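What follows is one structure encoded as structure tokens, with my remarks underneath.
The values are calculated or read from the model by the stated rules, or taken from the named source; none is laboratory data. In this text the structure is predicted, and so the values were computed from the model without any measurement. A quick note on method: Cβ atoms are made from the backbone with ideal geometry, for glycine too, and the neighbour counts reach across all protein chains shown.
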Amino acid sequence: MSHRIVQTCPDRSGARWEQILPSPDSAAATAVHVRLGNARRSDPVRGFGGAFTESAAWVWSLLSAERQQEVLEACFCPKKGLGYTLGRTHMNSCDFSLGNYSAVETPGDTKLWSFFCEQEPKYLWPFMAAAQQYRRELIPLLLSPWSPPAWMKTNNSMNNGGSLKPEYRDAWAKYFCRYIRELQDKGFHVFGVTVQNEPEATQTWDSCRYTSEEEALFIRDYLGPELEKQGLSDIAVYCWDHNRDLLAERVEAIMSNPETARYVTGAAIHWYAKGHFDQIEAVKAAHPDLEIIFSEGCIEGGVKLGQWDRAERYARNMIHDMNAGVTRWLDWNMILDLQGGPNHVGNFCDAPLIADTDTDTMYYQPSYAAIGHFSRYVKPGAVCLHTDVQGAFSDLDIAAFENPDGTRVVVICNATDSDVCVRVTTDVADATLATPTTAHSLTTCILDPAQHTQGA
């Protein structure tokens, strides 16, 4: 096996991960020198994935059998596609559903006697089952609620915010467990739950607000104890599930009480407030054992086919998230239609895969290629490495990893208008690899461990 370099450029984005040749390794050609160091921290990368939403499942259901298989291969095949090993799905409806629904529509049914999942078996669960059948193994799922049933909320609506009525906290905790059991009975595996999707946002779609005090109380007195009581203590609980900008504040408020903290595995983040990667670093410094996962990100405002800046936004976010301490990275909808839906309140967004369901045509967005620069080459169990970057040209975004087999992976996003040559040096026997990174390109270098030891 030899070192490899794969690259994606705007003018060659159809090729996606195109293998290119190294540059001559000369001082004259090298503008940036990247030396790989030791692991940044001990917690490993746990995988990459996307969200199973009802909207994505509905689009998938409208495709021909051939195109359906193409979607599964594109997302889950480790050799030809993204090689996803994780998934996220919604408990009750979300904005990327065909409408509002819950499993208990009978007001006041705190015993959950009327619990019935009517909508999920139509599109959502068949899509999830097909993915698992394709993978030939369980896909660990993160389960997130956008809203409790309307009758449990202060505004009597699943949309437009509101909050969980105190008298229904116990029933809502039991609802979590009942829904997890329902998924387990259908052959799915839930590895974790978030308490609430975007608890600080009042949205025109399914939403529910929690203050930090309310979230901490719900975890400590209801959700945590109920998971234990029902034999589901192996289900990870992630707080926050919202933008990075307020991550540290929310985590400190929740983790300050040991009785709450003992139920919390970690925190989940979104990217809709730009930057704030220092918030992840602050939380990891204060709570090294707390797992930070990226649970949702997408390009809002609908579909723009082939627009390259979407690839750069994905790559830069993924690089800085993982350098800061994120261990699981979950994209939002895997596939949507040409409008960026369906979405029951018109909140159209882009997705890595776009389908024209009238012509049975698939479009691979630049964001798809960007995700693959990580998910195809950075394996579960990898550790994120320190990088010492030297050179006059400092505007590249770079992350490096070491896989369990010793393979080193370096992902480089050149979002500038200049071509730059990058020389990568390992900390073992000074093995080097020089690679061209053209303007506005994504480049991944895969360094063979055998050549590390040979000093190649």
Original post:
Only one of (1) touching an Asp or Glu at 6+ places or on another chain (Cβ under 9 Å); (2) not polar (S, T, N, Q); (3) not in a loop (DSSP other than H, G, I, E, B) is not met by Lys379, so which one is it?
Top reply: (3)
Original post:
Just checking, which of Met152, Met128, Met158 is touching a residue at least 24 places away in the same chain (Cβ under 8 Å), more than 20 Å from the chain's Cα centre (by Cα) and surrounded by 15 or more Cβ atoms within 10 Å (Cβ to Cβ)?
Top reply: Met158
**OP:** From the list Ala173, Ala201, Ala216, pick out the single residue that is of a type in the set (A, V, I, L, M), touching a Phe, Trp or Tyr at 6+ places or on another chain (Cβ under 7 Å) and either part of a loop (DSSP other than H, G, I, E, B) or modelled with pLDDT of 95 or more (or both).
**Re:** Ala173
Original post:
Out of all the residues in region 174-203, which are more than 24 Å from the chain's Cα centre (by Cα) and either buried (at least 22 other Cβ atoms within 10 Å of the Cβ) or within 15 Å of Arg88 (Cβ to Cβ) (or both)?
Top reply: Tyr175
Subject >> Pairs where the first residue, in region 51-80, is modelled with pLDDT under 95 and the second is of a type outside the set (A, V, I, L, M) and crowded, with 24+ Cβ neighbours inside 10 Å, C-beta under 8 Å, 6+ apart >> reply: none
Original post:
So, in region 439-456, of the ones that are buried (at least 18 other Cβ atoms within 10 Å of the Cβ) and assigned to a loop (DSSP other than H, G, I, E, B), which residue ends up modelled with the highest pLDDT?
Top reply: His440
**OP:** Say whether the condition of being buried (at least 19 other Cβ atoms within 10 Å of the Cβ), touching a Ser or Thr at 6+ places or on another chain (Cβ under 7 Å) and over 26 Å from Ala74 (Cβ atoms) is met by at least one residue in region 367-381.
**Re:** no
**OP:** Answer yes or no: is there a residue in region 347-358 that is buried (at least 24 other Cβ atoms within 10 Å of the Cβ), in contact with a helix residue (DSSP H, G or I) (Cβ under 7 Å, 6 or more places away or on another chain), in contact (Cβ under 8 Å) with a residue 24 or more places away in the chain and closer than 23 Å to Phe191 by Cβ.
**Re:** yes
**OP:** Go over the candidates Arg16, Arg12 one by one and state the one that is modelled with pLDDT under 95 and under 26 Å from Ser295 (Cα atoms).
**Re:** Arg16
**OP:** May I ask you to list the residues in region 400-424 that are farther than 26 Å from Thr327 by Cβ and surrounded by fewer than 20 Cβ atoms within 10 Å (Cβ to Cβ)?
**Re:** Thr416, Asp417, Ser418, Asp419
Original post:
Which one of these does Leu223 not meet: (1) surrounded by fewer than 18 Cβ atoms within 10 Å (Cβ to Cβ); (2) outside any loop (DSSP other than H, G, I, E, B)?
Top reply: (1)
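Taking strands (runs of 3 or more DSSP E) that fall entirely within region 239-343, which contain at least 1 residues that are under 27 Å from Thr438 (Cα atoms) and either assigned by TED's automatic domain parsing to the domain that holds Asn38 or out of contact with any Cys (no Cβ under 8 Å at 6 or more places or on another chain) (or both)? Give the derivation first.
Working: elements: 266-270, 291-296, 326-333, 335-337.
The qualifying strands (runs of 3 or more DSSP E) are 326-333.
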Original post:
Got a sec? Which helices (runs of 4 or more DSSP H) wholly within region 24-137 have at least 2 residues that are among the aromatic types (Phe, Trp, Tyr)?
Top reply: 54-61, 124-135
Original post:
Which condition number in (1) of a type in the set (Phe, Trp, Tyr); (2) in a strand (DSSP E or B); (3) more than 21 Å from Arg40 (Cβ to Cβ) is the one that Phe401 fails?
Top reply: (3)
Original post:
Gly297 is checked against (1) in contact with a Ser or Thr (Cβ under 8 Å, 6 or more places away or on another chain); (2) buried (at least 18 other Cβ atoms within 10 Å of the Cβ) and fails just one. What number does that condition carry?
Top reply: (1)
